[in-house]
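The values are calculated or read from the model by the stated rules, or taken from the named source; none is laboratory data. Everything numeric here is computed off the predicted structure, so don't read it as measured data. Heads up, the Cβs are rebuilt from the backbone with ideal geometry, glycines too, and the neighbour counts pull from every protein chain shown.
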Amino acid sequence: MVPVLVAVAVAALSLANRPAPLSSTLAPDAFDNAWTMQELQTLAREFPARSPGSRGDQALASRIAQTLEGMGGAAGGGFHVRVLRGGAKTLAGERTLTTVVAERPGTTNESPIMIVAHRDARATGSADALSGTAVLLELARVLSNEQTNRTVVLVSTSGGSAGDGGAAQLASLVEGGQVPWTTPEAATGRSVDAAIVLGDVASANVRAPIVIPYSSGIGSAPVQLSETVASAIGAQASIGAGSPGFVDQLVHLAVPLTAGEQGALDAAGVPAVLIQSSGERGPAPDSPIDAARLEGLGSAALSSVFALDAAPDVEAAPQAGLLLAHGVLPGWAVRVLVLGLLVPALAVVVDALARARRRREPVARWIAFTLACGLPFLACGLLVAVIGALGLAPATAEPVAGAVHPSTAMWSTLALGLLALILGALALPRVIRAIGIPRAPLPAAGGMALMLVLDVAALISWAINPFAALLIVPAAHLWLLVAAPELRPRRWWLGVGVVLLGVCAPVLVVVYYAGQFGGGPASLWAAMLLVAGGNVGPATLLLWSVLLGCVPMAAYAALSGRRVPRALEAPAPVTIRGPLSYAGPGSLGGTESALHR
């Protein structure tokens, strides 16, 4: 355990201070809350049905484009407006979504600022889902009369309520250099300095955190950007924005999933945060609207734009560390710490492998059997992914929060996936016979093969994402008690308890996201939609299948019977004569025949 002590010491000495939030001397007094509330009510009344890609959604996109164009061209302080259309994945299948992009050039060539809001809603009405669009239009009115240093890009997307297909399209356009398009070619810095995503900014029910930095890729939004927006909310809305808790950060960094549109932008390299009064889960249908909340968060968004406009570029790299009470634990320190936790378990497995090779035990056969235990899970995931790729089932670019009403295609896809899982499990006995595994309690070679596969998978996870590998650390240590026949608990239920303790961390992650995405069956549909949408790549699916296959193998080890006595090595035969093997005359010298003559 010495590597653990070294890693903890390194982590303790690596704490860094939190970066200070950016501020602006300009007061956002120009924000007209009365006009914004009136616009929100008008849009909700005229466009009640706005499912992604529907006629209502398309009509509202045209209305937003006309409103922005009516503010005058760029020469008069207005915006260049462009309407983009493209296919995207939604709950209802492949739909054509419309994205409205408006740009107002700044006075310098600094990287632009982007403001994004989605206008769609799954349920009819849902005025709270339109609050971000109303604030977006008010910010456009204010900024058309202001002189900014940076180019400001306003974007109205669709699909934010059903998989963030519009945000995924926007992220690909930014990566391809198509947005922004009016920035001079000689512009310095990045394509986009930072993005502020406006979600539900009018709900009366507040759920912290209000500033959501989570990404759908590894890492999250830079701390300075999150602190800047949170500081503006505290000053303008008189409420605490709240910081992501320690557990929230660990879960999102280990398994990067988020239902907000900022996730796709962060994953594409655009620093982005979401402002949403109802937290990451989003508002309930027809939740009450608070005019004071709309004014406070709208003014905070405007203040954040002024602060970003007057300051240097925010950090481009995603935040890969942990925010603590008074500092930041860097990502490299977390990587060292997780490696220090894995090394002791790996050292034990290497020693066991050396012993198994000396005894000529069939290690390769048991490794093949351990890997075969993951085949049913791999077959289930691949079948769902193929069905989604063929367009036979709905799929989404990002997780969907809230209740999901499954369609016939979704039920059919789930049934086929479960059928593949069951058939794969039923085929395992044939695999056992083909490999030549005896039907007997798991020997030392079998337990060593289990731990070797688990630790190698943990090291691969560590190389990709150390936070994901942290979820495997408990199993890497605890399962040694059931893998080694000499240490196996005498009671079967104790062994099963050890196996369950090893999977507690991944299970808690599943429970956490189930609560975030609506709980119950909603989380099951969200997971299926992600696999069908291709968000889980083949390599990731293979790695997950191997790890899931280790669980039944560990249960098999726990149920393999009582502890066996420790095997004793046979004494080595004597091959050299010396003081330990011969005690006759001359063994210690001094005989007459040995004297010099």
Considering only region 252-265, how many residues are surrounded by 24 or more Cβ atoms within 10 Å (Cβ to Cβ) and over 18 Å from Pro330 (Cβ atoms)? 8
On the given criteria, is Val305 in contact with a strand residue (DSSP E or B) (Cβ under 8 Å, 6 or more places away or on another chain), assigned to a loop (DSSP other than H, G, I, E, B), at pLDDT 90 or above and among the β-branched types (Val, Ile, Thr)? no
The number of residues in region 448-490 that are of a type outside the set (A, V, I, L, M) and in a helix (DSSP H, G or I) is 7
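Residues checked against (1) among the small types (Gly, Ala, Ser); (2) over 25 Å from Ser461 (Cβ atoms); (3) at pLDDT 90 or above:
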| site | (1), (2), (3) |
| --- | --- |
| Leu324 | no, no, no |
| Trp332 | no, no, yes |
| Arg335 | no, no, yes |
| Leu342 | no, no, yes |
| Val348 | no, no, yes |
| Ala356 | yes, no, no |
| Pro362 | no, yes, no |
| Ile367 | no, no, yes |
Let me confirm something: among Leu143, Leu154, which residue is assigned by TED's automatic domain parsing to the domain that holds Leu302, closer than 24 Å to Asp313 by Cβ and either charged (D, E, K, R) or crowded, with 24+ Cβ neighbours inside 10 Å (or both)? Leu143
Out of curiosity, is Ala505 at pLDDT 90 or above and in the same structural domain as Ala449 (by TED's automatic domain parsing)? yes
Specify which of the listed residues (Glu280, Glu295, Glu315) is at pLDDT 90 or above and among the charged types (D, E, K, R). Glu295
What about Asn149, is it in contact with a Pro (Cβ under 7 Å, 6 or more places away or on another chain) and within 18 Å of Pro312 (Cα to Cα)? no
A careful count of residues in region 24-68 that are modelled with pLDDT under 90 and either surrounded by fewer than 16 Cβ atoms within 10 Å (Cβ to Cβ) or among the acidic types (Asp, Glu) (or both) gives 6
Can you list residue pairs whose Cβ atoms sit under 6 Å apart, with the first residue in region 208-230 being among the β-branched types (Val, Ile, Thr) and the second being surrounded by fewer than 24 Cβ atoms within 10 Å (Cβ to Cβ) and part of a helix (DSSP H, G or I)? Count only pairs 6 or more apart in sequence or on different chains. Val211/Ala230; Thr228/Ala307
Within region 234-244, track down each residue that is modelled with pLDDT of 85 or more and surrounded by fewer than 21 Cβ atoms within 10 Å (Cβ to Cβ). Gly234, Ala235
Pairs under 6 Å by beta carbon, first residue closer than 9 Å to Ala7 by Cα in region 326-339, partner aliphatic (A, V, I, L, M) and surrounded by fewer than 18 Cβ atoms within 10 Å (Cβ to Cβ), six or more apart or different chains? Val336/Val10
If we scan region 425-443, do we find a residue that is of a type outside the set (A, V, I, L, M), surrounded by 14 or more Cβ atoms within 10 Å (Cβ to Cβ) and part of a helix (DSSP H, G or I)? no
Do you know which residues across region 330-371 are on the phi < 0 side of the Ramachandran plot, surrounded by fewer than 18 Cβ atoms within 10 Å (Cβ to Cβ) and either touching a strand residue (DSSP E or B) at 6+ places or on another chain (Cβ under 6 Å) or outside any helix (DSSP H, G or I) (or both)? Pro330, Arg359
In region 169-190, is there at least one residue being among the hydrophobic types (A, V, I, L, M, F, W, C), assigned by TED's automatic domain parsing to the domain that holds Asn109 and within 19 Å of the chain's Cα centre (by Cα)? yes
Considering residues that are part of a loop (DSSP other than H, G, I, E, B), in contact with a strand residue (DSSP E or B) (Cβ under 7 Å, 6 or more places away or on another chain) and not small (Gly, Ala, Ser), the number found within region 42-68 is 1
For Val511, all conditions in the list (1) aliphatic (A, V, I, L, M); (2) in contact with a helix residue (DSSP H, G or I) (Cβ under 6 Å, 6 or more places away or on another chain); (3) over 17 Å from Glu398 (Cβ atoms) hold save one; what is the number of the exception? (2)
